[in-house]
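The structure appears below as structure tokens.
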Amino acid sequence: MRIFKSRPARAITAAVAVGLIATGCSSERDADNESSGKKDTFVFAGAGDPGSLDPALASDGETFRVTRQAFEALLEHESGGTKLVGGLAETWSSNDQGTVWTFNLRKNVKFHDGEAFNAAAVCANYDHWFNWKGTYQSSAVSYYWQTIMGGFAKNEDEETPEANYKSCTAKDENTAVIEVKKPSANLPGGFSLQALAIHSPKALKEYEKEEATAKGDAITYPKYSQEAGTVAGTGPYKITKWNKGNKEVSLTRFDDYWGEKAKIKNLVFRTIDTEEGRRQALQAGDIDGYDLVAPADVKTLEDQGYVVPTRGVFNLFYVGMSQEANKALKKKEVRQAIAQAIDKENLVKTQLPEGGKVADQFMPDTIAGYSKNVKKYPFDTAASKSLLKKAGEEKLKVEFCYPTEVTRPYMPAPQDLFELMKADLEKAGITVTPKAMKWAPDYIDATEAGSCDLHMLGWTGDFNDGFNFIGTWFAGYDKQWGFKDKKVFDAVNAGSKLGKAEERTAAYEKANEAIMEYLPGVPISSSPPAIAFAKNVNPPNVSPLTQEVFSETSFK
Amino acid sequence: MLRLVVRRLLQLIPTLLGLSVLLFLWLDRLPGGPASAILGEKATDADVARINRALGLDQPVYVQYWRFLKRIFQGDLGTSVQTGQPVWDEFVLRFPATVELSLLAMIMAVVVGIPLGYLAARKRGGWVDIGAVSGSLVGICIPVFFLGLVIKEILAVKLGFFPSYGRMDTGINATDVTGFAVLDGILTGEFDASWDALHHLILPAVTLASIPLAVIVRMTRASVLEVQDEDYVRTAESKGLKRSIVRGRHVLRNALLPVVTSVGLLTGSLLSGAVLTESVFSFNGIGNFVKTSIDGRDYPVLVGFIMFIAMVYVLINLLVDVAYSIIDPRVRVH
Amino acid sequence: MSVATKTDKIQRLAELTAGSETSTGASLWREALGRLKTSKMAIIGAVIIAAFVVVAIVGPFLAPHSPSAQIWRGEVFPNKGEFVGARGENWFGLDHLGRDLFSRMLVGARQTLLVGIVATLIGLVAGFVIGIVSGAAATLGGETGQRVDSVIMRFIDMMLALPSLLLAVSIAAVMGQSLTTVMIAVGVVQVPVFARLLRGAMLVQGGADYVLAAQSLGVRKRRIVLSQILPNSLSPVIVQATLSLATAIIEAAALSYLGLGNPDPAIPEWGVMLAQAQRFFSYAPMMGVYPAVGIIITALGFTLLGEAMREALDPKLKG
């Protein structure tokens, strides 16, 4: 938690600046600073390039990892945890229905471009997003805005959801009030999203001069989001350069930061797209840390003395079933037989990195709403066989889809996981036809359309609200699952309409019990995406939400 | 000569048009749009449909083709789904890297391959010959990605002689002039940047050079063997000409002709070998970009790349013919 | 294999028969066979191929364990980098899911050979048809024939211009992932090679004296093509087919590396095994080395035999 009040720090800044010049900062090269004693550049490798420097246009972790260092939202999760705490708002409250949200903003906060942070700036951001037009309304660009706040002032496509956002008013310099039309399970969690982080109003004006275009067959991101210079937030680092040729984004400490200043002066994010590549780069000393460590490497790196902190779990890996693709799956016995045929323990023991857990419901145990009383379906091949017999499906044949050339935080090696589960199902007498597909768009589209009998997929939570998990799948009829069950749907939706957190938690617990009683699919495991650092690094608090703040990092 | 060049360039147009029609028919058979590529498991059916409509992907294929043609004539190759940036910009960004890599690989292959092939032919049946021939056979038979993997594991990871990935170290703040990292360093006097870029190039270049090297060794050897039995060589020898002159002027020069052709053609084909090599070394060139485009189904990039490769191939063929007619005036190009 | 090597070989091969215009196909082959018998390259190649074929046929019966059952899966921990190497029970050790690697290698030979042969056959048959049509049109079809030929050749050149890997990937993208796709994708890449080769050889033969003689005697065109030109143009095609087997096996491995291989990795195939092993290369290098060496040696066998055949057919090239 960062509760430091910002102090006028000019004197310190000046002193630091003079000091830096005195110690010979004139050289632009950072490569030789290892020899000059103290390292002042921290290099961290991700698996993919960021899509844009404006988090509002993004929906992927690689982008947010970078922008999180430079942009802050009204609310944040506590460092290393899943609890909501104040970010740019020190405190917040809502009316009983959860439709009027009042934020008491932090004082003395400055944007990277020198602008002052205040209630008007907050409203400028929300109104900027609300008034998006054209391609910005495409869900590939404004996914999170649409998830949290619905549509726009003027929806241009009939399928765009109706706007839930009503207004933002600056009650006074440091109080912003955001009103929505209907209560939503996505609030207040949504206020913490990087996609809704606050930008400088001056930068927003620049943004508005450009537009994202959609000509031809893809969406072109606006130019301001593709090079450093225009974007400006309030975070501990400011983005100084995006070298696309060398796949690196450079950031420098923001000396007017309101909270605790970054401990290392320069921060560089590089892209190395393979797991081995990242590991080898760390071992070779080219980088100081990297994310998405292959499970096989975790122990090796630990043994070699690297710092490999274990994250909490915040995702869920499951086997989905489409009852419309294969009618046999309509029988509960068959679904249960599949659930009991899979040896989840072995899978977690041999495939997932340290800290991986067996899942028994569609929610990891770190989320409020996780129930201890769900019905369990333990691994038991014999029981599975007799269930199939009972259902008259002894010769059950299923098509099982899996994705290729992809790893997800919840699914480190899809093909291996698939092979293990296939062998388990075959032991129970089920004939499995494997179907491999490219992750995007083939696999995603096929699973969304429910065209595979069985498939494997997962979800990483955006914030700590149970609806963010179960609501994604079971709030109503969904082609992915192909079933209608009022009891399940009602139980899932019950929580989302409640204003109070405790009431919601209780409702989600009930919902989890209803879901597992019905058993629409098999929750398999939760897996912490592993992260590793060089031996001389004091790592930041690692976050289950993968929301590390690198200003906490330092060299030993 | 000029007429030849013009005619060849004109021939390029129907080839590219035909290619683009085929590509479009192919694209039409493929499912999906950018929504699922960008949103992953977060994409819903509605998202996919909405985005496809916004981009006009729901329209009949001939409408899309017409739009595509219009765009191409405006010099617009489309936009990458992965990066949301114009395909052309992405190519310009990465092309120099691949050219550098291919050039270095080709230089290695030529510098090692021609002398080795020549030696093998001169000392036919000797250990150099046996080594060169069997080495080149293995070179052709070893899967490129496996070779890269082994070289990387041993020389970069275990021994640490070379960097294991990328184009440059972090913190080498090189000034970007042409995009060719090695050249830029020389132009701006930042020699450490040049050296760093070169250091990163070596392992991928060795990997990429394996096949052209093998081909060049074998071609040179076969060609020298053929030429040294020719009448004019025998005549020259029996005339009592100095051995070095016979070898240099008669044997080597004539033997190199077919080798030159294949060097030109091989250079073009290196671009496709780069797909595997660059991906093994996480080298940010066109090849790696194409590999991630394959994984992410980034069709605009693939279409652009294929058109581009076809163009390069035709141009290189043209260059080879021109070079040929300069080296050997007897060869009439038509 | 690269475009250049392809074109190079096509040109060379097509020219081969030029030197033997007068001799009939049969005697050419007899002569070549004689030379083959004394060629070390040919003998080594043939021995390798024979061994490979034997393993492919009897391997599944010799395999000590099931190649797809995860018998020892509790003993291997890919998430900790703990693998089981060679030991008494498992001569080659275990793979990442606790399967016997030796059995997988043995059984995998059959699948690998099958992919190579079917792919080559696909390329051969399709290329053959295109080549005959084009070659016949060019030699005997008069002006229209030459136009037909040039259209076909433009198309073939276009196919050659595409990097073979991309072509294969495109095909796999349209057809979905399956073993059939791999075979077709690898096979299609060979089509232009065979087509150009056969056409080239037929063009050379078309100008030969005996064809002119037959034409002036009024022999029907179809007969000239089928009974005169074609048999004499076959030898380079057979040589190329042998060489293509090597290429097909290597390219199938590359497709697996790009994630487009057989969707059921439980069925062993060397290319898929190699692609899977690369993730664990730092921990269990042998897991990758076995299939890699298998692929290299097999490809080498076919290349050696093919090259030896080519040299035997072309006395100039012997060495």
Measuring from the longest principal axis of the C-alpha atoms of chain B, the long axis of helix B:253-280 (C-alpha) lies at a number of degrees, nearest 10, equal to 30 degrees
Rg from C-alpha atoms of segment B:142-272, normalised by the globular rule of thumb 2.2 N^0.38 Å, equals 1.50
When the charge dipole of the protein assembly as shown is computed with +1 on Lys and Arg Cβ and -1 on Asp and Glu Cβ about the Cα centre, the Cα farthest towards its positive end, among A:A341, B:F305, B:L208, belongs to B:L208
Note: C:171-178 gets an average of partner chain Cβ contacts (10 Å, Cβ to Cβ) equal to 5
Over the Cα atoms of chain C the radius of gyration and the largest Cα-Cα distance (Dmax), both in Å, equal 22.6, 79
Residue span B:Q59 to B:T188: 0.36 nm per residue of separation minus Cα-Cα distance leaves a gain in nm of 41.4 nm
Taking every residue of A:294-304, the Cβ atoms of other protein chains inside 10 Å of its Cβ average out to 4
From the cross-link list A:K83/A:K372; A:K39/A:K202; A:K182/A:K510; A:K133/A:K166; A:K344/A:K535; A:K535/B:K152, the entries with a Cα-Cα span beyond 25 Å are A:K39/A:K202; A:K344/A:K535
Quick shape check on segment A:331-390: root eigenvalues a ≥ b ≥ c of the Cα gyration tensor, a/c under 1.5 is rounded, otherwise prolate if a/b tops b/c, else oblate, and it reads oblate
Output for segment A:381-468: GluC sites (Glu not before Pro) sitting in coil per DSSP, at most 14 other Cβ within 10 Å, listed by number, reads A:E394
Hits in segment A:489-525: amide N under 15 Å from the 7 Å Cα→Cβ extension of A:Q97, namely A:497-500
Sorted on mean Cβ neighbours within 10 Å (highest first), peptides A:80-92, A:495-507, C:114-126 come out as C:114-126, A:80-92, A:495-507
In segment A:397-481, the chymotrypsin sites (Phe, Trp or Tyr not before Pro) that sit in a DSSP loop and have at most 13 other Cβ atoms within 10 Å of their own Cβ are A:Y477
Ranked from fewest to most other Cβ atoms within 10 Å of their own Cβ, B:F73, B:F308, C:F83 fall in the order B:F73, B:F308, C:F83
Looks like segment C:120-224, by Cα gyration tensor root eigenvalues a ≥ b ≥ c and the a/c under 1.5 rounded cutoff (else prolate when a/b is bigger than b/c, oblate otherwise), is prolate
Listed by chain and number, the residues whose amide H is under 5 Å from that of A:I287, excluding neighbours fewer than 5 places away on the same chain and using placed H, are A:L282
Between A:E502 and A:K182, the FRET efficiency computed from the C-beta separation at R0 = 22 Å comes out, to the nearest 0.05, as 0.60
Expected sort for B:R67, A:R279 with the fewest Cβ neighbours (10 Å cutoff) up front is B:R67, A:R279
Mean projected area (nm²) from the convex hull of Cα positions in chain A is 25.5 nm²
To the nearest 20 debye, the protein assembly as shown has a Cα-centred charge dipole, built from +1 on Lys and Arg Cβ and -1 on Asp and Glu Cβ, of 2940 debye
Averaged over all viewing directions, the convex hull of the alpha carbons in segment A:72-202 casts a projected area in nm² of 8.2 nm²
Nearest-0.05 FRET efficiency for A:T310 and B:K158 at R0 = 35 Å, using Cβ-Cβ distance, is 0.80
Counting all Cα-Cα pairs in segment A:315-526, those more than 20 Å apart amount in percent to 55 percent
Counting only residues 5 or more apart in sequence or on a different chain, those whose built amide H sits under 5 Å from that of A:E248 are A:N243
Any trypsin sites (Lys or Arg not before Pro) in segment A:89-154 that lie in a DSSP loop and have at most 13 other Cβ atoms within 10 Å would be A:K133, A:K154
Among A:A56, A:L316, B:L77, the residue whose Cα sits farthest towards the positive end of the charge dipole of the protein assembly as shown (+1 at Cβ of Lys and Arg, -1 at Cβ of Asp and Glu, taken about the Cα centre) is B:L77
Once amide hydrogens are built 1.01 Å from N within the peptide plane, the residues lying 5 or more places from A:R408 or on another chain with amide H under 5 Å from its amide H are none
Most exposed to least, judged by fewest other Cβ atoms within 10 Å, B:I316, B:I306 sort to B:I316, B:I306
Over all Cα pairs of the protein assembly as shown, the Kirkwood radius sets Rh, and Rg/Rh then becomes 1.00
Computed from the beta carbon distance with a Förster radius of 25 Å, FRET efficiency for B:W195 and A:F555 to the nearest 0.05 stands at 0.40
In the protein assembly as shown the DSSP beta bridges are antiparallel at a rate, in percent to nearest 5, of 75 percent
Note: C:257-268 gets an average of partner chain Cβ contacts (10 Å, Cβ to Cβ) equal to 6
The simple spin-label model distance between C:M286 and A:V358, using points 7 Å out along Cα→Cβ, in nm, is 3.3 nm
Applied in sequence order to segment C:165-175, the curve 6.51 cos²θ - 1.76 cosθ + 1.60 (Karplus, θ = phi - 60°) yields integer Hz couplings, x standing for Gly and Pro, of 4, 5, 4, 4, 5, 4, 5, 4, 5, 6, 8
Share (percent) of C-alpha pair distances in segment B:204-285 greater than 18 Å works out to 54 percent
In nanometres, the difference between 0.36 nm per residue of separation and the alpha-carbon distance of B:K123 and B:R7 is 37.3 nm
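Taken together, the values in this text are just the output of simple stated rules run on the coordinates, not laboratory data. Just so you know, these numbers come straight off a predicted model, no measurement behind them. Every residue, glycine among them, receives a Cβ derived from its backbone with ideal geometry; neighbour counts consider all protein chains shown.
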